[in-house]
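Student: Before we start, here is the structure in question, set down as structure tokens.
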Amino acid sequence: MERKPFILANWKMNKTVDESVDFVEEFLPMVADEVEVEVALAPSFVSLAAVSRALAGSAVGLAAQNMHWEEGGAFTGEVSPVMLRDAGCRYVILGHSERRQFFGEGDGEVSRKVQAALREGITPVVCVGETLGERDYGKTFDTVGVQIHGGLADVVLESGREIVLAYEPVWAIGTGKTASPEEAQEVQSFARTQLADLFGGEVAGSVRILYGGSVKPENIGALMAMDDIDGALVGGASLEPESFAGIIKSVIGET
Ligand code: 13P
């Protein structure tokens, strides 16, 4: 099953509006010809509109880092799917481990958000992954299986291209410690079996599953060589245009 590689930058709580736009201006010429890979940037909410304008006319997409599930109303501090669509977002990251760990998000919220994003025509990038303790206790598959079944509960898909899954082992995020390609492949292949339980084999076969956790230009090639690793969700190494472009160029070397 053909799955187009997808590399998504998650800037987390970094970069002002000016810094975000400066990044785009430096980055776009570096990746102008790279059409074999889908690329997107997830700046903070306040930079979305400016980054959307800076990306206009390029193939690079825009993503948000979170979202509320309601279309609007009395939800102080929240941002709705309608607003994200209006700001030019093609994707939204949902259920990131930092949202789960620091803001108490659970699979129930993730499922509501996934359904809301799909209704608005925004592609959800659903994050799952185990903590170090869960891995040490042999609970990796249990954790990831529960997150997939819970986060995608009540979700109806016509095609696997409507969603993206991201496997991000919590112990590999921002630590410099990457899962080995084999460790990541083992979990990602398991994740695809869980998607097949929910949506059938054909849909599961066309869902892109990204790996995230200390991805760099030096390790992306070996990760992408694995059957069920279809791209990457990149934190730290996406903050500089050179390193993020370096990741994309390494992926092209592999495809
Ligand atoms: P790092 O690439 O900094 O480890 O972050 C990964 C991540 O959380 C992306 O969403």
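Student: Report the label-to-label distance for residue 16 and residue 218 in nanometres (one decimal), using points 7 Å from each Cα along the Cα→Cβ vector.
Tutor: Between residue 16 and residue 218, the label points sit 3.3 nm apart.
Student: Using only protein heavy atoms and a 1.4 Å probe, report how much of residue 69 is accessible, in Å² to the nearest 10.
Tutor: Residue 69 exposes around 60 Å² with every protein chain in place.
Student: Here is a follow-up. Quote to one decimal, in nm, the extra length available between residue 102 and residue 33 on full extension: 0.36 nm per residue of separation minus the C-alpha distance between them. Let's see the in-between values first.
Tutor: Details: separation 69, 0.36 × 69 = 24.84 nm, distance 3.87 nm.
Extending this stretch completely gives an extra 21.0 nm.
Student: Before anything else, pin down the relative contact order of the chain: Cα pairs under 8 Å, at least 6 apart, normalised by residue count, whole percent.
Tutor: Working: 504 pairs, mean separation 52.9, N = 255.
About 21 percent, as a whole number.
Student: Size of the dipole of the stretch 99-142 about the Cα centre, Lys and Arg at +1 and Asp and Glu at -1 on the beta carbon, nothing else charged, in debye to 20?
Tutor: Numbers: 7 positive and 8 negative charges, 37 e Å.
Around 180 debye, computed over the stretch 99-142.
Student: Select from 207, 46, 215 the residue whose mean-square fluctuation is largest in a Gaussian network model of the chain (Cα-Cα springs shorter than 10 Å).
Tutor: 46
Student: Report, to the nearest whole %, how much of the accessible area of the chain belongs to carbon and sulfur atoms, 1.4 Å probe, protein only. Spell out each step's value before the answer.
Tutor: Values: 5660 of 11050 Å².
Answer for the chain is 51 percent, counting heavy atoms of protein chains only.
Student: Related question: Quick one: accessible area per residue over the chain, 1.4 Å probe, rounded to a whole number of Å²?
Tutor: Working: 11050 Å² over 255 residues.
Counting only protein heavy atoms, the per-residue value for the chain is 43 Å².
Student: Below 8 Å between Cα atoms, with a sequence gap of 6+, how large is the relative contact order for the stretch 33-105 in percent? Provide the component values of the computation, followed by the final result.
Tutor: Numbers: 85 pairs, mean separation 21.6, N = 73.
Relative contact order of the stretch 33-105: 30 percent.
Student: Given the options 158, 98, 130, which has the most mean-square fluctuation in a GNM of the chain, springs set between C-alpha atoms less than 10 angstrom apart?
Tutor: In this elastic network of the chain, the residue with the biggest mean-square fluctuation among 158, 98, 130 is 158.
Student: Ignoring everything but the protein chains, give the 1.4 Å probe accessible area of residue 250 in square angstrom, nearest 10.
Tutor: Residue 250 has an accessible surface of roughly 40 Å² with all protein chains in place.
Student: Let me ask something else about it. Which order do 15, 249 take when ranked by solvent-accessible area (1.4 Å probe, heavy atoms of all protein chains), largest first? Mind dumping the intermediate values first?
Tutor: Details: 15 50, 249 95 Å².
Descending order: 249, 15.
Student: Would you rank 199, 27 by solvent-accessible area, highest first, keeping every protein chain in place and using a 1.4 Å probe?
Tutor: If we order 199, 27 from most to least accessible, we get 199, 27.
Student: Suppose R0 equals 22 Å; then what is the FRET efficiency for residue 136 and residue 193 from their Cβ-Cβ distance, rounded to the nearest 0.05?
Tutor: Values: r = 23 Å, r/R0 = 1.05.
My answer for the efficiency is 0.45.
Student: About its Cα centre, what dipole magnitude does the stretch 1-112 give when the only charges are +1 on Lys and Arg Cβ and -1 on Asp and Glu Cβ, stated in debye to the nearest 20?
Tutor: Working: 10 positive and 18 negative charges, 48 e Å.
Using Cβ point charges on Lys, Arg, Asp and Glu, the stretch 1-112 gives about 240 debye.
The values are calculated or read from the model by the stated rules, or taken from the named source; none is laboratory data. These numbers were taken from a predicted model, which means no experiment stands behind them. All Cβ positions, even for glycine, are placed from backbone atoms using ideal geometry, and neighbour counts span all protein chains on display. For accessibility, only protein heavy atoms count, side chains too; no ligands or nucleic acids. Shrake-Rupley method; radii C 1.70, N 1.55, O 1.52, S 1.80 Å.
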